[in-house]
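Heads up, the thing below is written out as structure tokens.
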Amino acid sequence: MNTTQKMPFTFAPDQPLDGAITAEVQGDATVEFDDPATGLTGFIVSGSTAGADVVVTFTGDGELGEGVTHVVEVATITIVAPNATTLGGTLGTPVPKEATPPTPTPTSIGTSPKYKK
């Protein structure tokens with residue numbers, strides 16, 4: 001994933017969970033849950049630091065009732081810089097072509113009108 005992207009996630013537990021799935025992030029990223037009451041879907045949103053890994057640990061309680069049984073999934077994502085997609089060039093307003101100066105012809109000092117006495 002690059003620094004301009006976010007990655008969707010979806011969880012579908014095989015049994016009901018007791019409460020919402022939570023997320024702990026290590027690195028330059030955040031987690032946006034579509035519905036924080038369940039934590040089943042959302043996005044991992046990259047930060048601006050390229051070249052580093054982000055580790056997101058998702059945790060749910062698999063035991064209904066008073067006890068707690070942690071069910072954990074870990075995602076490790078490398079954040080990269082985005083590739084160039086444009087050169088950013090622009091064209092200016094047309095301008096006249098410069099007149100090509102005439103090619104000088106060789107003359108001797110004695111025959112040039114400038115140097116006649």
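If A50 passes every condition in (1) within 26 Å of K6 (Cα to Cα); (2) in contact with a Leu (Cβ under 8 Å, 6 or more places away or on another chain) but one, which one does it miss?
It is condition (2) that A50 fails.
Can you tell me which residue in segment 26-36 is surrounded by the most Cβ atoms within 10 Å (Cβ to Cβ), limited to those that are under 17 Å from N2 (Cβ atoms) and out of contact with any Asp or Glu (no Cβ under 7 Å at 6 or more places or on another chain)? It would help to see each step written out before you state the result.
Within segment 26-36, the first condition is being under 17 Å from N2 (Cβ atoms), and the residues that meet it are 27-30.
Add one more test, that the residue is out of contact with any Asp or Glu (no Cβ under 7 Å at 6 or more places or on another chain), and what stays is 28-30.
Values: D28: 15, A29: 25, T30: 14.
It comes out as A29.
Determine which single condition G39 fails, assuming it passes every other condition in (1) within 30 Å of E66 (Cβ to Cβ); (2) loosely packed, with under 14 Cβ neighbours inside 10 Å.
All conditions are met except number (2).
Which condition from (1) surrounded by 15 or more Cβ atoms within 10 Å (Cβ to Cβ); (2) at pLDDT below 95 is the one that I21 breaks?
Answer for I21: the failing condition is (2).
Output the residue which, of all residues in segment 58-93 that are part of a loop (DSSP other than H, G, I, E, B) and among the charged types (D, E, K, R), is surrounded by the fewest Cβ atoms within 10 Å (Cβ to Cβ).
Selected residue: E66.
Mind listing whichever residues of segment 46-57 are exposed (fewer than 13 other Cβ atoms within 10 Å of the Cβ) and in a loop (DSSP other than H, G, I, E, B)?
Matches in segment 46-57: S48, G51.
Cβ-Cβ below 9 Å, separation at least six or inter-chain, first residue in segment 68-94 and modelled with pLDDT of 90 or more, second assigned to a loop (DSSP other than H, G, I, E, B) and aromatic (F, W, Y): which pairs?
Filtered contacts from segment 68-94: E73/F11.
The values are calculated or read from the model by the stated rules, or taken from the named source; none is laboratory data. The structure presented is a predicted model; accordingly, all values stated were derived computationally and were not measured. Note: ideal-geometry Cβ built from the backbone for every residue, glycine included; neighbour counts use all protein chains shown.
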